[in-house]
Amino acid sequence: MDQYLQNIIRKALIEMGVSEEAIPEIQIETPRDPSHGDSATNVAMALAKPLRNNPRKIAEELVKNLKTDPDKISSVEIAGPGFINFRYSDNYLYAELKQLLEMGNEFGKGSDNRGVNALVEFVSANPTGPLTVGHGRNAVLGDTVARLLEWTGAEVQREYYFNNAGRQMRVLGQSVQARYLQQLGKKADLPEGGYEGEYIVDIAKSLVEEHGDSLLNEADEKLFKEKAEAAIFDEIKKTLERMNIVMDSFFNENTLYEDGSIDQTIEKFRKKGLAYDKDGAVWFKTTEFGKDKDTVLIKSTGEPTYRLPDIAYHANKLERGFDLCLDVFGADHIDTYPDVLNGIDVLGYDKSKVDVLVYQFVTLVKDGKPYKMSTRKANFVTLDELMDEVGEDVTRFFFLMRSPNTHLEFDVAQAKEAGEKNPVFYLQYAHARIQSILRKVDEIAEFSDMADLSVLTHDSEITLIKKMLSFPDAVSLAASHREPHRVITYLNELASNFTTFYHDCRIVGEDKAIMQARSELAKAVAAVLRNGLGILGITAPDRM
RNA sequence: GCGCCCGUAGCUCAACUGGAUAGAGCAACUGCCUUCUAAGCAGUAGGUUACAGGUUCAAGUCCUGUCGGGCGUACCA
């Protein structure tokens, strides 16, 4: 529809004698207030200055030259300072609704990202402990944006990047070793900054079960580290699966050392004069890119900082031929992003293919108070515990319901409420209610002919149809902004429109033609709800 | 100090990247279950969009400054 309007407006402008170059981008928008029509354009206002004319006059002339198809547009009005408002004809709505019903589960899919081969990297927590609430937002956002990209036509690979080599992992191994010794009655202390979580003890216990005391004389933590990593990764995968997330690949940072990418990266930097030695360390001249300090790439101990592998990793991704590499990370990592971009730019890759989704922190609210967490101090809340308490659907929904760019307050009490306070159920309830009605219709009536949708003339029916038709736009916007909460906002409006219809119009017991048409309408709503909830990774139950 | 993000109803947040009278949920108040699911609906109340300037036909949205909050500013990840 937008395109159609743009076309006829363009033609009308040319008819008026406006030159091609003078025509601005023709913006079509949906007015907030439905009494202003279904679509509106501001071209007349945008043209006021270049044409040195009153916007309302321009609008009048434009409308005079406009050739609208009555099967699509029923009225054109000029309003306010010079808006041109279009109202869709009912025939257009019925035709579109019919198409929606035919598309069913496909309705809402778009082509913005057709042919795009995308890699979404998310979670990427090192295997030092179970996933916590903090990781939850990352996981759910990443997965949902991946789904949005898929809905707009992209081929998406989900990747989990991890590092099992650093200091943290050694400390983890030592922590498990200490707990193992304690299990066998030996005296052993946790290392400095060791992991205090109960899960470490569990891993140690399972080692005792499996190996008895045969590991008593292990010289270092290596074996314990490996055991811990395997056990923890196992748990992480289970947690993700529970949240409806399946990774396509796990990328070990170590690969980058083994295949020489790390060394090559440093070499290239040196050749370009962007890396140098100082105080036994290797530095990246980030001052060249406007930072106040240079950045260490390799510590004087010989160990690289995370920044170097980060750059090599992104080069690796681009080397694999992805058109879009999307990173999902918390606001605390934002500073590394420009370095990575500059790094791969220096290496000769197209940095515009790398995009980032930054989200703000999550505050867990328990008993009305914010709950402070730290992984090492074991006073964290794991994602599993959270899901045990409030359920999987609610967990996903809460992580998605706010713009990524704003702090998220996760109120456990509110999430636990089965009823009124919990916004998830509003959507699911609408779907279940439709299914219930359709079951009833199935029992009492059989339809042989095609439904005549043109009997749908009630205000709330028309509003509902229009809302459904805007679903593809909502998906497209959510995808391009990487903001899943837009889908939630949309679904809330849709569910609300449906409930209004439900109260205004009956289905069961009406004349057969009306019952049939309204059943079709309800089916369409259910399909859109399912599709939307599907994007969010949330179930659409048939009964509640 | 510097960089990034944020400041909207009592609380948690929207607002289609600059559009028309700033909207939801929760909390408060008033009604509604012999009729397809009341996990619902209708209504009332609640605002100088932190503050001060600026840009233009039009600013919650863009620019500058001030105040307030979060994060970063490591040879930690």
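The values are calculated or read from the model by the stated rules, or taken from the named source; none is laboratory data. These figures come from a predicted structure and were not determined experimentally. Note that each Cβ is placed from the backbone with ideal geometry, even for glycine, and that neighbours are counted across all protein chains shown.
Below is a table of values for the structure above.
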read-out: Odd one out for A:Ala178 among (1) among the aliphatic types (A, V, I, L, M); (2) farther than 30 Å from A:Leu308 by Cα; (3) assigned to a loop (DSSP other than H, G, I, E, B); value: (3)
read-out: Every residue from segment A:19-47 that is at pLDDT 85 or above and either in the same structural domain as A:Ile465 (by TED's automatic domain parsing) or of a type in the set (A, V, I, L, M) (or both); value: A:Ile26, A:Ile28, A:Ala40, A:Val43, A:Ala44, A:Met45, A:Ala46, A:Leu47
read-out: Subset of segment A:56-85 [at negative phi and in contact with a Lys or Arg (Cβ under 9 Å, 6 or more places away or on another chain)]; value: A:Asn65, A:Leu66, A:Lys67, A:Ile73, A:Ser74, A:Ser75, A:Val76, A:Glu77, A:Ile78, A:Pro81
read-out: Breaking point among (1) within 9 Å of RNA strand B (Cβ to nearest atom); (2) surrounded by fewer than 20 Cβ atoms within 10 Å (Cβ to Cβ); (3) hydrophobic (A, V, I, L, M, F, W, C); (4) closer than 19 Å to A:Tyr371 by Cα, for A:Leu408; value: (2)
read-out: Scan of segment A:15-57 for residues that are farther than 21 Å from A:Gln3 by Cα and of a type outside the set (Gly, Ala, Ser), ordered by number; value: A:Asp33, A:Lys49, A:Pro50, A:Leu51, A:Arg52, A:Asn53, A:Asn54, A:Pro55, A:Arg56, A:Lys57
read-out: Where A:Leu184 falls short, out of the listed (1) under 30 Å from A:Thr255 (Cβ atoms); (2) over 34 Å from the mean Cα position of the chain (by Cα); (3) of a type outside the set (S, T, N, Q); value: (1)
read-out: Single residue of segment A:304-332 satisfying the filter (free of Cβ contacts under 8 Å to residues at least 60 places away in the same chain and loosely packed, with under 15 Cβ neighbours inside 10 Å) that is farthest from the chain's Cα centre (by Cα); value: A:Glu319
read-out: Residues of segment A:51-94 satisfying the condition of being away from RNA strand B (no atom under 11 Å from the Cβ) and β-branched (Val, Ile, Thr); value: A:Ile58, A:Val63, A:Thr68, A:Ile73, A:Val76
read-out: Helices (runs of 4 or more DSSP H) fully within segment A:214-306 counting 1 or more residues that are away from RNA strand B (no atom under 15 Å from the Cβ) and of a type in the set (Lys, Arg); value: A:222-242, A:261-271
read-out: From the options A:Tyr502, A:Tyr429, residue that is near RNA strand B (Cβ under 8 Å from one of its atoms) and surrounded by fewer than 17 Cβ atoms within 10 Å (Cβ to Cβ); value: A:Tyr429
read-out: Test result for A:Ala48, more than 30 Å from A:Lys523 (Cβ to Cβ), hydrophobic (A, V, I, L, M, F, W, C) and within 13 Å of RNA strand B (Cβ to nearest atom); value: yes
